[in-house]
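What follows is calculated from the coordinates using simple rules that are stated; it is not laboratory data. Bear in mind that the values here come from a model prediction, so they are computed numbers and not experimental data. Glycine gets a Cβ as well: all are built from the backbone with ideal geometry, and neighbour counts include every protein chain shown.
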Amino acid sequence: MELLRISETAEKCRVSERTIQRLVAADRFPQPVRIGARVVWPREVIDDFLRGNDRPGVEDIQL
């Protein structure tokens, strides 16, 4: 299982790290996994999210 840090997750999703944080807080993005002080996402979770039809479009995101 490959784990992505927030910087890698943001790059893969083509958004800023702050946008990832906002989407997580709004429950519009998969919740991260905490490993000690690190916050990571399993790559397959992000891949599934990006392929999903329930993914909000840019116009739907309210920050």
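At 7 Å along the Cα-to-beta-carbon direction for both Gln31 and Lys12, put a label point, then send me their distance in nm to one decimal.
According to this spin-label approximation, the distance is 1.9 nm.
Compute the label zone of Asp47 within the stretch 1-30: residues whose backbone N is under 11 Å from the point 7 Å along Cα-to-Cβ.
Hits in the stretch 1-30 for Asp47 at 11 Å: 1-2.
How much of the calculated P(r) for the stretch 3-54 lies past 15 Å, in percent of all Cα pairs?
41
Full-extension gain between Thr19 and Arg38, please, as 0.36 nm times their residue separation minus the C-alpha to C-alpha distance.
5.0 nm
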